[in-house]
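Encoded as structure tokens, the structure appears first; notes follow it.
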Amino acid sequence: MHISNRVADIPKSAIHEMTRLSKENENVAFLSWAKPTSGAPDFIGDAAIAAINKRLVDGYSVSAGLPELRQEIVKKLKRDNKIDANIAQIIVTVGAIEGLAAAMMAIIDPGDEVILPSPTYSTHINQVALASGHPVFVPTIEEDGFILDIEGIKKAVTPKTKAIVYCSPSNPTGAVFSEQQLRQLAEIALEHNLMVVTDEAYEYFVFDEHNHFSIASIPEMQKNVISCFTFTKTYAMTGWRIGYLHADEELIPQINKAHIPFTICAPVVSQYAALAALQNSQECVELFRLKYLSARNLMCNRLDRLPSVFEYQKPGGSYLMFPKIVLEQGKNSHQFCVELLRAAKVSTTPGADFGPTGEQHLRLSFCVPDEMIHTAFDRMERYFNR
């Protein structure tokens, strides 16, 4: 088969593989999908219907996105992220994922090294590989809540290092990297003239004493950061596939060169839906946050009842957590998750998919109804206590 090495060398996605296996079973309790089950607020769908009825969505938008949407994004970035921007610094993307992919293609040459904290989102690893870069993993400090190892990152920098990529709040761990740590990361980037690419998909879902900090709000970092955001998580719009990125005005035309062959432009109907999301009340976002906070607490309480099976760090954000498997048979996370699915009908995601320190863990999602969490843990308790 005439397959490129960079694609052939990418492992099969554990997330999608578990989804495939789950469909072979009936009545599965899903904790593997990072997909809100609540659905987007009605006003978002209403705006899309209105745009369709007005025949506004039948053609392409400009590749960077609707000007009125980018203007609303500029307002949001200043209000919520303390980032000063203009519409020439914004590209509307097909979710944060496509923005991240375009960013990687724009800044990485074959053989460039890209530093990623581990565990990290598996798609970031694959995007580096698709750009023919070399992922360099720096383990996070699990016992302190999966925080960044700043000294480890410093030691990982070599003459081949081109960029640092991170997600905060983190997928899969739920860790929220503090402003202090991200300022230290900025110092490393500036010292070595590195790019920083951020995935801030879960920016609004932070809990307890944690706060979200955007590294692009540091004035000195303006030329060294590409920040990627999404509507899909904030407003439970996963199927709408709509996000955006912010970068320096000189970088945007280069990123757009990658964005256009990937997608031409983001779906226009989704752009009008996103415009409505920004222009209406943001009360729904806080309601989502409170819902996920309650679900996180519930999942932690249920995990506390299985101390011989799991150890965990309470996530400070997102709607994901990454417990460690302490049972002997849990050393192979993929085998553990497959057996759990087949024997207990509970779908989870193997931690090995999220970098070298992900093994012996599994990812659980709590953006599901409470009843789903209870069902999954009732089944796990029966399975492990048999």
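The values are calculated or read from the model by the stated rules, or taken from the named source; none is laboratory data. Fair warning: this is a prediction, and the values are worked out from it, not measured in the lab. As a convention, Cβ positions derive from the backbone with ideal geometry for all residues, glycine included, and neighbour counts pool all protein chains shown.
Tabulated data for the structure shown
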quantity: Enumeration of residues in segment 353-386 that are among the charged types (D, E, K, R) and either under 28 Å from Ile141 (Cβ atoms) or in contact with a strand residue (DSSP E or B) (Cβ under 9 Å, 6 or more places away or on another chain) (or both); calculated: Asp353, Glu359, Arg363, Asp378, Arg379
quantity: Qualifying residue in segment 188-203 (condition: farther than 18 Å from Ala101 by Cα and touching an Asp or Glu at 6+ places or on another chain (Cβ under 7 Å)); calculated: yes
quantity: Counted residues, segment 297-334 - those being in a loop (DSSP other than H, G, I, E, B), on the phi < 0 side of the Ramachandran plot and of a type in the set (S, T, N, Q); calculated: 3
quantity: Residue in segment 235-253 that is buried (at least 24 other Cβ atoms within 10 Å of the Cβ), closer than 16 Å to Val206 by Cα and not assigned by TED's automatic domain parsing to the domain that holds Pro350 present; calculated: yes
quantity: Subset of segment 297-324 that is within 23 Å of the chain's Cα centre (by Cα) and polar (S, T, N, Q) - its residue that is surrounded by the fewest Cβ atoms within 10 Å (Cβ to Cβ); calculated: Asn297
quantity: Residues located in segment 254-296, provided they are surrounded by fewer than 21 Cβ atoms within 10 Å (Cβ to Cβ) and not in a helix (DSSP H, G or I); calculated: Ile264, Cys265, Pro267, Asn280, Ser281, Gln282
quantity: Hits in segment 70-111 (condition: buried (at least 19 other Cβ atoms within 10 Å of the Cβ) and under 24 Å from Ala156 (Cα atoms)); calculated: Leu100, Ala101, Ala103, Met104, Met105, Ala106, Ile107, Ile108
quantity: Residue match in segment 120-129 (condition: more than 24 Å from the chain's Cα centre (by Cα), more than 16 Å from Trp240 (Cα to Cα) and free of Cβ contacts under 8 Å to residues at least 40 places away in the same chain); calculated: no
quantity: Hey, Leu56 within 24 Å of the chain's Cα centre (by Cα) and touching a residue at least 24 places away in the same chain (Cβ under 8 Å) or not; calculated: no
quantity: Residue among Ser170, Ser214, Ser132 that alone is over 20 Å from the mean Cα position of the chain (by Cα) and touching a residue at least 60 places away in the same chain (Cβ under 8 Å); calculated: Ser132
quantity: Test for Pro119: is it modelled with pLDDT of 95 or more, in contact with a Pro (Cβ under 6 Å, 6 or more places away or on another chain), crowded, with 17+ Cβ neighbours inside 10 Å and within 23 Å of Ala34 (Cβ to Cβ); calculated: yes
quantity: Matching entry among Ser308, Ser227, Ser214 (being over 20 Å from Gly39 (Cα atoms) and touching a His at 6+ places or on another chain (Cβ under 7 Å)); calculated: Ser227
quantity: Residues of segment 1-26 classified as assigned to a loop (DSSP other than H, G, I, E, B), polar (S, T, N, Q) and over 30 Å from Val285 (Cα atoms), total; calculated: 2
quantity: Tally, over segment 1-33, of residues that are of a type outside the set (A, V, I, L, M), exposed (fewer than 14 other Cβ atoms within 10 Å of the Cβ) and on the phi < 0 side of the Ramachandran plot; calculated: 12
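Condition check ((1) at pLDDT 95 or above; (2) hydrophobic (A, V, I, L, M, F, W, C); (3) touching a Leu at 6+ places or on another chain (Cβ under 8 Å)) across all residues:
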site: Ser4; (1), (2), (3): no, no, no
site: Asn27; (1), (2), (3): no, no, no
site: Ile44; (1), (2), (3): yes, yes, no
site: Leu56; (1), (2), (3): yes, yes, no
site: Val62; (1), (2), (3): yes, yes, no
site: Lys75; (1), (2), (3): yes, no, yes
